[in-house]
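The values are calculated or read from the model by the stated rules, or taken from the named source; none is laboratory data. Note that this is a predicted model, so its numbers are computed, not measured. Using ideal geometry, Cβ is built from the backbone for each residue, glycine included, and neighbour counts are taken over all protein chains shown. Keep in mind that these areas ignore ligands, DNA and RNA; they rest on the heavy atoms of the full protein, side chains included. Shrake-Rupley method; radii C 1.70, N 1.55, O 1.52, S 1.80 Å.
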Amino acid sequence: MGLLRTFTGMKSIYILCLTLFSLSLSAQTYVTVEPQTGTSRLALSFTAGRNIPYSVENYKITYNTTDVFGQPTVASGLLCVPADRGRLFALAVYNHGTVAGRELVPSREGITERFIPQVMAGVGMITVAPDYLGLGDNDAPVHPYVHADSEASAGRDLVAAAKQWLDEEEIDYSDQFFITGYSQGGHATQALHRDVQTNPGPDSLKVTAATHLSGPYSISDVMRETLFAEGQATLPGYIVYTYISYDYVYDLFDDFNEIFADEYVGNVDSFARGLIDLGAFNTRLEEQIAENNASLADLLQDSIATQLMTADPTSPTYQALLDNDTYDWAPEAPTLMYYCTADEQVPFRNAVLADSVMTANGSTSVDLRDGGNLTHGGCLLPALNATLDFFIPLLDLQVVGLGDVVDLPEVRLSPNPVALGSRLRLSGLPQREYAFVLYDQTGRETGHGVTSATGELQVPTSLTPGMQILRVQLADGTSLVRRFFTK
């Protein structure tokens, strides 16, 4: 379309310069990492309504990636790191939902949705949250909304950037890798999960587990059919946003008038130029549809609506929808597909269809779960809790170095060996309560708690007989480590 052709043309010199610049940075995936305000475990516990064991350090990260035309570009995202250097934490990605404006993304402080990747970090996952192309610091003139390939590359390249920075900072991480996302982020998660599984690449990523939450996975079928459903099945602004996005990516039309009905083009043009945000755009379209006693399909020119109604295989517009379906494959890692039945924005049949196709393709790892009769907004927190409950049992948080370990030979444990279920006493320290963590000899956490004021703790009966590791947090922030044996 004319507006986007102009943007693309203006970028040609910029792209050439950025290409040359990127060649000089070929070994560097991140561009900048800026510290942001940290979040305490108490604040995260209050927000999440559950115990969060770690406080979190937050960083805004900019990194090298590619745009939808295969050209180098720089994007931004959020990096959340558990504030504990004594553990080998997993890596994770949180993909955010649809946002109303360029600045309402995870890398911006004060954005509510940031609490999700922070909570994930708080339970033991170094978590990144990409802003996506066309949002945050990325200069694309249009956000390629629900465009599967760029959602996948934005997340994957952010993980690579985060790993490089973590390596330079000597912050250890494990080879476990978790992915989740809600709404548009569910679509992005499914795209990223598919990409990592089917295109292993040199980054050594392998998905440990994923949760696909209330996402529009079936763009060419379920989401296309919302145009022709009785009543308003979803938000008109989101539907139009999809077609603006695909026109930008696939160069479908020369002008908005070729796809959208004339009476709606003014508002479409205002949104595409960034003169109004998505919320205002959706409101205007809803008002126009009501005034015209129209349907969602009436937003489109009759010829385009006919192509979509009949799923015309010769239609470039329909082919663009097909290109962004994300469900026709077979996940190997444990995968939770979560939905709610009263979702007014993303029909839950997306999840049901995706599960049925994945199962037919041979997957035995998908858990399709009905979150109940909740709306799209109401489904978010239950989906997040389901995700944490799905991920946490799979986390293997190993001990690394234990950090700032002090040598206090006068401190002893008795009895040693100790019977399971018996009391173990720590002597040689000032009398007070001490936080402690228990690990087995592989470094896996097996218990935690607080000693009595006299230094006693209960040895869990769930431990396996053999060598155990006790880490005690001292008053000055250092750690004391002692080995003992259970029988």
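Taking A210, is it assigned to a strand (DSSP E or B) and in contact (Cβ under 8 Å) with a residue 12 or more places away in the chain? Reasoning before the result, please.
Working: assigned to a strand (DSSP E or B): yes; in contact (Cβ under 8 Å) with a residue 12 or more places away in the chain: yes.
When the stated conditions are applied, A210 passes them.
Right, R432: among the basic types (K, R) and open to solvent by less than 40 Å² (accessible area, probe 1.4 Å) or not?
On the way: among the basic types (K, R): yes; open to solvent by less than 40 Å² (accessible area, probe 1.4 Å): no.
Taking the combined requirement at face value, the residue does not satisfy it.
Residues that are touching an Asp or Glu at 6+ places or on another chain (Cβ under 9 Å) number at least 3 in the following helices (runs of 4 or more DSSP H) confined to segment 277-342: 302-309, 316-323. For residues that are at pLDDT 85 or above and open to solvent by less than 30 Å² (accessible area, probe 1.4 Å), scanning just segment 472-487, find the one that is farthest from R85 (Cα to Cα). Among them, the one singled out is T486. Among the residues of segment 449-466, those that are surrounded by 13 or more Cβ atoms within 10 Å (Cβ to Cβ) and either part of a strand (DSSP E or B) or touching a Leu at 6+ places or on another chain (Cβ under 8 Å) (or both) comprise G449, T451, G455, L457, Q458, V459, P460, L463.
Scanning segment 131-159 for residues that are open to solvent by less than 40 Å² (accessible area, probe 1.4 Å), farther than 20 Å from Y238 by Cβ and within 17 Å of the chain's Cα centre (by Cα) yields A152, S153, G155, R156, L158, V159. Just one of the numbered conditions (1) touching a Pro at 6+ places or on another chain (Cβ under 9 Å); (2) within 30 Å of G466 (Cα to Cα); (3) crowded, with 20+ Cβ neighbours inside 10 Å is not true of M358: (2).
Here is the figure for segment 230-258: residues that are in contact (Cβ under 8 Å) with a residue 40 or more places away in the chain and closer than 30 Å to V352 by Cβ total 19. Picking from residues in segment 123-136 that are modelled with pLDDT of 95 or more and small (G, A, S), the one that is nearest to A188 (Cα to Cα) is A129.
Limited to segment 59-97, what total is found for residues that are part of a loop (DSSP other than H, G, I, E, B) and either of a type in the set (A, V, I, L, M) or under 20 Å from H147 (Cβ atoms) (or both)? Spell out how you get there, then give the answer.
Residues of segment 59-97 part of a loop (DSSP other than H, G, I, E, B): 67-71, 83-86, 96-97.
With the extra rule that they be either of a type in the set (A, V, I, L, M) or under 20 Å from H147 (Cβ atoms) (or both), the set shrinks to 67-71, 83, 96-97.
Summing the residues that are part of a loop (DSSP other than H, G, I, E, B) and either of a type in the set (A, V, I, L, M) or under 20 Å from H147 (Cβ atoms) (or both) in segment 59-97 gives 8.
Of everything listed in (1) surrounded by 21 or more Cβ atoms within 10 Å (Cβ to Cβ); (2) without any contact (Cβ under 8 Å) to a residue 12 or more places away in the chain, the single unmet condition for Y338 is (2). When S303 is tested against (1) crowded, with 18+ Cβ neighbours inside 10 Å; (2) free of Cβ contacts under 8 Å to residues at least 24 places away in the same chain, only condition (1) is not met.
Does segment 46-58 contain any residue that is assigned to a strand (DSSP E or B), touching a strand residue (DSSP E or B) at 6+ places or on another chain (Cβ under 9 Å) and either at pLDDT below 95 or closer than 29 Å to P144 by Cβ (or both)? Among the residues of segment 46-58, at least one is assigned to a strand (DSSP E or B), touching a strand residue (DSSP E or B) at 6+ places or on another chain (Cβ under 9 Å) and either at pLDDT below 95 or closer than 29 Å to P144 by Cβ (or both), which makes the answer yes.
In the set E113, E151, E109, only one residue is without any contact (Cβ under 8 Å) to a residue 40 or more places away in the chain and either of a type outside the set (S, T, Y) or within 20 Å of D389 (Cα to Cα) (or both); that residue is E113. For segment 44-101, filtered to residues that are acidic (D, E) and surrounded by fewer than 21 Cβ atoms within 10 Å (Cβ to Cβ), the residue that is farthest from A188 (Cα to Cα) is D84.
Being open to solvent by less than 20 Å² (accessible area, probe 1.4 Å), of a type outside the set (S, T, Y) and either at pLDDT 95 or above or in a loop (DSSP other than H, G, I, E, B) (or both): is that true of V346 here? Please lay out each step first, then the result.
Working: open to solvent by less than 20 Å² (accessible area, probe 1.4 Å): yes; of a type outside the set (S, T, Y): yes; either at pLDDT 95 or above or in a loop (DSSP other than H, G, I, E, B) (or both): yes.
The answer is yes for V346.
Only one residue in N385, N373 is open to solvent by 30 Å² or more (accessible area, probe 1.4 Å), in a helix (DSSP H, G or I), of a type in the set (S, T, N, Q) and at pLDDT 95 or above. Which one?
On the way: N373 fails: in a helix (DSSP H, G or I).
Sole residue among the options that is open to solvent by 30 Å² or more (accessible area, probe 1.4 Å), in a helix (DSSP H, G or I), of a type in the set (S, T, N, Q) and at pLDDT 95 or above: N385.
Is one or more of the residues making up segment 114-130 in a helix (DSSP H, G or I) and among the hydroxyl-bearing types (S, T, Y)?
Residues of segment 114-130 that are in a helix (DSSP H, G or I), as a first pass: 114-122.
Imposing the further condition that a residue be among the hydroxyl-bearing types (S, T, Y) reduces the set to none.
No.
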